[in-house]
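The values are calculated or read from the model by the stated rules, or taken from the named source; none is laboratory data. Remember, predicted model here, so these are calculated numbers, not experimental data. Using ideal geometry, Cβ is built from the backbone for each residue, glycine included, and neighbour counts are taken over all protein chains shown. Only protein heavy atoms, including side chains, enter the accessible area calculation; ligands, DNA and RNA are left aside. Shrake-Rupley method; radii C 1.70, N 1.55, O 1.52, S 1.80 Å.
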Amino acid sequence: MMNDDIVKLGKANYMNNYAQFPIAIKSGKGVVVTDEDGKGYLDFVAGIAVNALGYGDEDEKKAILDVLSSGILHTSNLYYNAHAVHAAEMLNKAAGSDAVFFCNSGAEANEAALKMARKYGSQKGKTEIISFLHSFHGRTYGAVTVTGQEKYHKGFAPMLPDVVYGDYNNLESVKALISDRTAAIIVEPLQGEGGIIPADEDFIVGLRALCDEYDALLIFDEVQCGMGRTGKPFCFMHYGIKPDIMTLAKALGGGLPMGAAVAFGKAKDIFSPGDHAATFGGNVASAALAEVVLSKLDKLSENADKKGKYLGKKLDELVKKYPELCVEARGMGLMRGIELKTAPRDVIAKCMEKGLLVCSAGYTVLRFVPPLVVTEDDIDKAVSIIDEALSELC
């Protein structure tokens, strides 16, 4: 089947909840994907920060084939499986954490964290959760409630109670909200869907101090910015403090669905048997790929740091070259964006025509989250295409 055939079939059978581009991805190698018509694209979306190892990684292939040959793809959490146990051990070692709950997605990881917060606070009269404007934490009811963007709430009221929103990077706004009723603060140390906005160090360190003062849990949502993407294994490591709970997904499963709520210190014993569960959490195949990703996490982080600085420099040059279209470039590691003076969809479409996949964040940000194995040559090719697209739009 060709692209047009699959697009037509999709439109006939999908619910109308995605604004999809009219290509169907068939295969990939390295940082290049190929559609059903045989056209190749340099991929700076990576499944929205999922495919950290790019495409066709030999270790991932071997891990999947070994799982297939075992005949066991799933066991349930009534029993242990070695892949999930080893992945949890590797994750705790990498993060300096104490306990892991595996699930299937970032939204599920955040739901687990919110339940942990409510259980932690319930015995002390603490029910309130502080989140931030322009944040994004997922689409399920708890996760979308703590997502501080009205567009995601529209049509789904009422939201869950006892959630309030501070201003990101404004510690004073949090001081005005926090009280003895606060169970937790949930924050992205680098806002993704809100527009690729890094947290200031004083802000993050201040949140840690406030949580300690008010006996509240500090939850870091690293679903997008974790797993090496910002140039360190986890984004919190840039700030010299630890959260009480960290949520992960996207790159963790190496392309298969996997999420995790990771507990530090006092948070490790909040859940008791029966408090929470996920049928597919710690799935054998997903856990086997997580082992591969975690085994390469240090190298991926190093490459994200080096290549991220290079990409950031190139994006700064584009902003200076096209002041009529661009506001600024920002981000960390290989999670970068250019804020535009217009909606990014036209730029995205032109880049796609020229063989580059990029995506948006927020209303006006062009987002770049390539595989963490990207090279300088890949970056040069991508920037050249973006340059052409911006030039044509000017």
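Listing for the model above:
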item	result
Filtered residue count, region 286-318, keeping only those that are among the small types (G, A, S) and surrounded by fewer than 17 Cβ atoms within 10 Å (Cβ to Cβ)	1
Where a residue in region 65-84 is at positive phi and open to solvent by 80 Å² or more (accessible area, probe 1.4 Å) and its partner, wherever it lies, is in a loop (DSSP other than H, G, I, E, B) and of a type in the set (A, V, I, L, M), with Cβ under 8 Å and at least six apart	none
So A19, is it buried (at least 22 other Cβ atoms within 10 Å of the Cβ), within 23 Å of the chain's Cα centre (by Cα) and under 30 Å from E353 (Cα atoms)	no
Residue selected from region 175-210 under the condition among the small types (G, A, S) and in a strand (DSSP E or B), by the criterion nearest to M237 (Cα to Cα)	A184
Selection within region 364-394 - outside any loop (DSSP other than H, G, I, E, B), in contact (Cβ under 8 Å) with a residue 60 or more places away in the chain and among the hydrophobic types (A, V, I, L, M, F, W, C)	V365, F368, I379, A382, V383, I385, I386, L390, L393
Restricting region 225-248 to residues that are surrounded by 24 or more Cβ atoms within 10 Å (Cβ to Cβ) and of a type in the set (G, A, S), the residue that is farthest from V292 (Cα to Cα)	G226
Scan of region 164-174 for residues that are outside any loop (DSSP other than H, G, I, E, B) and among the polar types (S, T, N, Q), ordered by number	S173
Members of region 22-59 that are in contact with a strand residue (DSSP E or B) (Cβ under 6 Å, 6 or more places away or on another chain), open to solvent by 80 Å² or more (accessible area, probe 1.4 Å) and either hydrophobic (A, V, I, L, M, F, W, C) or not in a strand (DSSP E or B) (or both)	I25
Condition check for K250: within 30 Å of N303 (Cβ to Cβ) and among the basic types (K, R)	yes
Residue that is surrounded by the most Cβ atoms within 10 Å (Cβ to Cβ), among those in region 349-363 that are without any contact (Cβ under 8 Å) to a residue 60 or more places away in the chain and assigned to a helix (DSSP H, G or I)	C351
Members of region 186-226 that are more than 17 Å from V164 (Cα to Cα), in contact (Cβ under 8 Å) with a residue 40 or more places away in the chain and among the β-branched types (V, I, T)	I196, I197, V223
Any pair with Cβ under 7 angstrom, 6 or more apart, that starts in region 268-295 at a residue that is in contact (Cβ under 8 Å) with a residue 60 or more places away in the chain and ends at one that is open to solvent by 10 Å² or more (accessible area, probe 1.4 Å) and hydroxyl-bearing (S, T, Y)	I270/Y120; T279/S76; V284/T75
Scope region 60-86; condition part of a helix (DSSP H, G or I), in contact with a strand residue (DSSP E or B) (Cβ under 9 Å, 6 or more places away or on another chain) and either of a type in the set (D, E) or within 16 Å of A277 (Cα to Cα) (or both); matching residues	E60, A84
Elements of type helices (runs of 4 or more DSSP H) in region 103-163, at least 1 residues being in contact with a strand residue (DSSP E or B) (Cβ under 8 Å, 6 or more places away or on another chain), modelled with pLDDT of 95 or more and under 30 Å from V85 (Cα atoms)	106-122
Sole residue being farther than 17 Å from L91 by Cβ and touching a Pro at 6+ places or on another chain (Cβ under 6 Å), chosen from A209, A199	A199
Hey, N283 closer than 27 Å to M116 by Cβ, among the polar types (S, T, N, Q), modelled with pLDDT of 95 or more and open to solvent by 10 Å² or more (accessible area, probe 1.4 Å) or not	yes
Checking K341 against (1) within 23 Å of the chain's Cα centre (by Cα); (2) within 17 Å of G195 (Cα to Cα), the condition it does not meet	(1)
Exclusive hit being of a type in the set (S, T, Y) and in contact with a Lys or Arg (Cβ under 7 Å, 6 or more places away or on another chain), set S286, S301, S295	S301
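One line per residue, one yes/no per condition, for (1) out of contact with any Cys (no Cβ under 9 Å at 6 or more places or on another chain); (2) buried (at least 22 other Cβ atoms within 10 Å of the Cβ):
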{"residue": "V146", "(1), (2)": "yes, yes"}
{"residue": "Q149", "(1), (2)": "yes, no"}
{"residue": "K154", "(1), (2)": "yes, no"}
{"residue": "K175", "(1), (2)": "yes, no"}
{"residue": "R181", "(1), (2)": "yes, no"}
{"residue": "I185", "(1), (2)": "no, yes"}
{"residue": "G192", "(1), (2)": "no, yes"}
{"residue": "G195", "(1), (2)": "yes, no"}
